[in-house]
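> This is the structure I have questions about; it appears just below.
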Amino acid sequence: MARTQSKGNYLEFGKYVTTETPIALTIAGSDSSSGAGLQADLKTFTAAEVYGLTVATAVVAENPLEVRLIEPVSTVVLEAQLDLLFACYPIASVKTGMLPNAEQITVITKHLETWKSSHPNGNLVVDPIIQSSTGSPLIKPGALTCLVDQLLPMADLITPNIPEAKTLLGAETTDPEKLGSDLAARFDAAALLKGGHGSSNTTASDLLITEDGITCYETNRIPGGHRLHGTGCTLSAAITAYLAQGNALEDAVAHGKAYITNAISHAFHWGPDLAALGRPR
């Protein structure tokens, strides 16, 4: 039997994207093991029923046990990706992940400023990735200043873990509430301080600090969860997706926390040392 294809409701510029489909963009590195970076973000966007776009900042040869090589893309390649996507798609939300050097951050900031000026309701989620879960540095020291001075002041939500927050603030304290509050105040943005590096052995508590106060999202720690990489990428991607759907920030974070907890609960395991986040059920 012959099959016909519905043309749907296309946007005025004629691209094959329906106006009902939320679109989210991730600007991050490519992880060859697909546990973190662009690959993890895109899987998360798809699971959350959001159409995902990707801009690659680097090609990373890694697996859950080792980061062997990082090759940043040139600013020419980076700008070409950004130009095409922002010109074509009605992007509802953007997240940034691995940004290896200052030149890239400057280019990305320029494009995001233009996007935010024409999309005042768009949400920018900055996941300030500084090192991998195995301890390998993922950003050049000079780029940290650029991240702090240029990109973070534009963010609607910042999603660091405790070590990342300490680095961004130059702080010694490990108190989550103070770190989160200081981040939110310094960058005039909401801050989600992730609890994976917290002191409790039984619970993981993420703190969301906004102008309305502090909300705690607490779950029990899942055995083996510490062996998984890409949990931070996946959480920030989930929040970005739920923001693109129009959820309020507190609800988007709650949905994101439930998503990552489910993904950890259904992780893949291939022996004692090799594991990856699963697909929530």
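> Any idea which of ASP273, ASP206 is part of a strand (DSSP E or B) and either surrounded by fewer than 16 Cβ atoms within 10 Å (Cβ to Cβ) or modelled with pLDDT under 95 (or both)? Outline the logic, then answer.
Numbers: ASP273 fails: part of a strand (DSSP E or B).
That would be ASP206, the only listed residue that is part of a strand (DSSP E or B) and either surrounded by fewer than 16 Cβ atoms within 10 Å (Cβ to Cβ) or modelled with pLDDT under 95 (or both).
> Considering only residues of segment 20-36 that are assigned to a strand (DSSP E or B) and in contact (Cβ under 8 Å) with a residue 60 or more places away in the chain, which is farthest from LEU53 (Cα to Cα)?
Result: ASP31.
> Has segment 164-185 got at least one residue that is basic (Lys, Arg) and either in contact (Cβ under 8 Å) with a residue 24 or more places away in the chain or touching a strand residue (DSSP E or B) at 6+ places or on another chain (Cβ under 9 Å) (or both)?
Looking for residues that are basic (Lys, Arg) and either in contact (Cβ under 8 Å) with a residue 24 or more places away in the chain or touching a strand residue (DSSP E or B) at 6+ places or on another chain (Cβ under 9 Å) (or both), one finds none in segment 164-185, hence no.
> Kindly indicate whether any position in segment 212-230 is assigned to a helix (DSSP H, G or I) and either at positive phi or buried (at least 22 other Cβ atoms within 10 Å of the Cβ) (or both). If you could, list the steps in order and put the result at the bottom.
First, the residues of segment 212-230 that are assigned to a helix (DSSP H, G or I): 225-227.
Now drop any that are not either at positive phi or buried (at least 22 other Cβ atoms within 10 Å of the Cβ) (or both), which leaves none.
No, segment 212-230 has no match at all.
> Additional query: Give the residues of segment 132-177 that are of a type in the set (Lys, Arg) and either crowded, with 20+ Cβ neighbours inside 10 Å or within 16 Å of LEU112 (Cβ to Cβ) (or both), sorted by residue number.
None; the set is empty.
> Shifting gears a bit: State the number of residues belonging to segment 148-190 that are within 23 Å of GLY225 (Cα to Cα) and part of a strand (DSSP E or B).
Qualifying residue count for the region: 1.
> For segment 104-120, enumerate the residues that are without any contact (Cβ under 8 Å) to a residue 24 or more places away in the chain and either in contact with a Leu (Cβ under 7 Å, 6 or more places away or on another chain) or within 13 Å of PRO90 (Cα to Cα) (or both).
Taking segment 104-120 first, the residues without any contact (Cβ under 8 Å) to a residue 24 or more places away in the chain are 110, 117-118, 120.
Of everything in segment 104-120, those that are without any contact (Cβ under 8 Å) to a residue 24 or more places away in the chain and either in contact with a Leu (Cβ under 7 Å, 6 or more places away or on another chain) or within 13 Å of PRO90 (Cα to Cα) (or both) turn out to be SER118, PRO120.
> Sticking with this structure for a sec: Return yes or no: is ALA143 in contact with a helix residue (DSSP H, G or I) (Cβ under 7 Å, 6 or more places away or on another chain) and not in a helix (DSSP H, G or I)?
In short, no.
The values are calculated or read from the model by the stated rules, or taken from the named source; none is laboratory data. Everything quoted here is computed from the prediction, not taken from an experiment. We place every Cβ from the backbone using ideal geometry, glycine too, and count neighbours over all the protein chains shown.
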